[in-house]
Amino acid sequence: MAPESNPMDVLHNLLDDLKPLSPSAEQKEMLAQFSRLVLDWNDKLNLTSITDPQQFWVKHIYDSLTCLPLVFALGPVSVIDIGTGAGFPGIPLRIAYPEMQLTLVESIQKKADFCRLAVEELGLSGVEVVAERAETIGQDARFRERYDWAIARAVAPLPVLLEYLLPLVHLGGHVLAQKGGNAGQEISTARSAIYILGGEKAEAQAIELPLGIGSRTLITVKKVKPTPAQFPRRAGTPKKKPLL
């Protein structure tokens, strides 16, 4: 009788389909170590509502790494991850792509502190963690128009995300928003924001998560004009009065 497969090995092997940078065995172990850190600290810090190992691996680890082919296509890059929470998607991307220079931005101090702990425990270099609001970061000369990619998961409607993200990338840089499976309406409502903030039209790529767990859309926008100096507006305004 053939030996039973380890359920976690099966989940780890799902990452082999992520081209062109399928994680090595060492990187898979680092991803597993990061997963354990998140779950070990979860009761104290409320980092995630997803605690089932299979759901966690697909919805957090695999889902984060679906960004990798787009980011990798530009070669060694600088990335800023806005509203990273417990470090998603930034930390899995950095594990899988060691050449990346990464800034993690999280406004909730305890979550930012966790990200610092995780970066230290995993021995990741080239990673900065900033506890600050996205609107403040976007008006700070240390971060504004400095990055190849600005990335966020579904932390806000697309017009709001674009006001957070587009000020952070240089001309020719890109923003990437991870959204749910049906993002067409959001793209339609974001056309005005894209134009005002200096972007080209949005491109969408549909992603099916493994094991029938769900679908995602990766929305990218290239920056072709400087973002006007008044954007992002002061804290809270993009959500209250989105650019529609």
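The values are calculated or read from the model by the stated rules, or taken from the named source; none is laboratory data. It should be emphasised that the depicted structure is a prediction, and the values quoted were computed from it without experimental measurement. Because the Cβ atoms are built from the backbone with ideal geometry, glycine has one as well, and the counts that use them run over all protein chains shown. SASA here: full protein model, heavy atoms, side chains in, ligands and nucleic acids out. Shrake-Rupley method; radii C 1.70, N 1.55, O 1.52, S 1.80 Å.
Please figure out what share of the DSSP beta bridges in the chain is antiparallel and state it in percent, rounded to the nearest 5. Antiparallel bridges make up about 45 percent of those DSSP assigns within the chain. Residues whose amide H lies under 5 Å from that of residue 80, counting only those 5 or more places away or on a different chain, are 103, 149, 150, 151; hydrogens are built 1.01 Å from N in the peptide plane. With θ taken as phi - 60° and the Karplus curve 6.51 cos²θ - 1.76 cosθ + 1.60 applied, the whole-hertz 3J(HN,Hα) list for the stretch 35-40 is 4, 5, 4, 4, 6, 5 Hz, x standing for glycine and proline. Surface composition of the stretch 163-203: carbon and sulfur make up 51 percent of the accessible area, probe 1.4 Å. Read phi for every residue in the stretch 105-111 and hand back ³J(HN,Hα) as whole Hz from Karplus 6.51 cos²θ - 1.76 cosθ + 1.60, θ = phi - 60°, with x for Gly and Pro. Rounded to whole hertz, the list is 10, 9, 6, 8, 4, 5, 6. On a per residue basis, the stretch 91-139 carries 40 Å² of accessible surface, using protein heavy atoms and a 1.4 Å probe. Note on residue 109 and residue 191: the extension gain reaches 26.2 nm, defined as 0.36 nm multiplied by sequence separation minus the Cα-Cα distance. Using C-alpha pairs below 8 Å separated by at least 6 residues, the relative contact order for the stretch 97-244 is 23 percent.
Add +1 for every Lys or Arg and -1 for every Asp or Glu among the other residues with Cβ under 11 Å from the Cβ of residue 130, and state the total. Provide the component values of the computation, followed by the final result.
Values: positive: 116, 133, 142; negative: 81, 106, 128, 132, 140.
Net local charge, residue 130 excluded: -2.
Here the stretch 179-201 and the stretch 90-115 have alpha carbon centers that stand 25 Å from each other.
When 239, 28, 223 are compared by accessible area of protein heavy atoms, the largest-first order is 239, 28, 223, using a 1.4 Å probe.
Amide H to amide H distances under 5 Å link residue 145 with 168, 169, where only residues 5 or more positions off or on other chains count and H is placed in the peptide plane.
Evaluating 6.51 cos²θ - 1.76 cosθ + 1.60 at θ = phi - 60° for every residue in the stretch 237-244, the Karplus couplings come out as 5, x, 6, 6, 9, x, 6, 10 Hz, glycine and proline recorded as x.
Just order 161-169, 135-143 by mean Cβ neighbour count inside 10 Å, highest at the front, would you? Walk me through the numbers on the way to the answer.
Numbers: 161-169: 28.7, 135-143: 16.3.
Ranking, from highest mean packing down: 161-169, 135-143.
The overall shape of the chain is prolate: from the C-alpha gyration tensor, with semi-axes ordered a ≥ b ≥ c, the ratio a/c is 1.5 or greater and a/b exceeds b/c.
What the stretch 153-244 shows is 47 Å² of accessible area per residue, with the surface traced by a 1.4 Å probe over protein heavy atoms.
Extension gain for residue 154-residue 99 works out to 17.3 nm (0.36 nm per residue, less the C-alpha to C-alpha distance). Take the Cα of residue 235, go 7 Å toward its beta carbon, and the backbone nitrogen atoms of the stretch 124-141 under 20 Å from that spot belong to 129-141.
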